[in-house]
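A short worksheet on the structure shown next.
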Amino acid sequence: MPLGPSSSAIYLQNTSSSVNAAPGRTPTAVTIHPVALFSILDHYLRRTDAQERVIGTLLGTRTDTEIEVRSSFAVLHSETSEQVAVDMEYHRSMYELHHKVNPKEIIVGWYSTGSNLNTYSALIQNFYSQETAPHQAIHVALDTGVEDGKSAGVKAYVSSPIGIFPKPENCVFVPIPCELRFHEAERSGLDLLTSTASLPSSESPLQPASDLEIFDQSLQSVQDMLDRVLGYVQKVLAGEVEGDRAVGRYLMDTLGASTDDIEKGGFNTSLQDTLMISYLANLVRSQAEISSRLALTAAS
């Protein structure tokens, strides 16, 4: 999307020699919520024909070693063979609006579509590093899979300067682990989107399931998982497959801890019921005795 000469864009030139101060501790993991991914995909679908990729700002929370991306918003930018321009005023205005709604969410980095990391990506990374200082900014690259020979996927990066005299345009993007995280309340919506995407275009879209249908599907899913675990254990005991010690320890810890918790919980519940019944019986006995003595006193 071209920006006019009177816009508030900041032009990131290759001739810049300023380098950020030493970054904070490098994050070791990135988790992304589905809302942020849907926002990126929506931005990509609304791009102009002249745009090869779109960029935007990532919002979320951070700890010393982990960053959680909760939402995102699009940022106007323009790329040519000579320069890249980012609308800084629009970016900061949008962040102020988001910050009023979610004060806990801060700028953690930026996103782009496609897998091409070039000099312009390094310049944009340098701009967002100034916004997240003293922490490092992350870059999330979303590959939509529309190009031939490339599959859809999400990757996360942090930047590291290179060279004797580091410059903003001279950096290497280091990949870090990235995973999708969603709340249990979002599972039904994601399952509906997944099932709808697999339907032929001629069929009508599915309708949201009722609470009873969701409960039935959850029970069926749990039953299927238990059947797979039981089948694996039986094959290991029969000697058909070689057992994995890590899987065995995981099953023992999971099922053993659950059994102990159930037994302890049942014993504690039974003990509390017994104590409550005993207390109520003593209370009724005391009240009956007091009532009889009051009746005798009133009669005399």
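Below, the figures for the structure above:
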quantity: Efficiency of FRET from Cβ geometry, ASP253 and THR65, R₀ 41 Å, rounded to 0.05; calculated: 0.95
quantity: Å² per residue, accessible surface of the range 109-173 at 1.4 Å; calculated: 45
quantity: Average Cα contact separation per residue, the range 26-160, under 8 Å, 6 or more apart, as relative contact order %; calculated: 22
quantity: Efficiency of FRET between ASP211 and VAL233 - r from beta-carbon atoms, R0 45 angstrom, step 0.05; calculated: 0.85
quantity: Neighbourhood net charge (9 Å Cβ-Cβ; Lys/Arg +1, Asp/Glu -1) for TYR120; calculated: -2
quantity: Carbon + sulfur, % of accessible area of the range 26-149 - ligands and nucleic acids excluded, 1.4 Å; calculated: 50
quantity: Amide H within-cut-off set for ALA29, under 5 Å, with H built and near neighbours excluded; calculated: ILE67
quantity: Rounded if a/c under 1.5, otherwise prolate or oblate - the range 22-178, Cα gyration tensor axes; calculated: rounded
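The values are calculated or read from the model by the stated rules, or taken from the named source; none is laboratory data. The structure displayed is predicted, hence computed values, not measured ones. Note that each Cβ is placed from the backbone with ideal geometry, even for glycine, and that neighbours are counted across all protein chains shown. The area values use the complete protein model at the heavy-atom level, side chains included, leaving out ligands, DNA and RNA. Shrake-Rupley method; radii C 1.70, N 1.55, O 1.52, S 1.80 Å.
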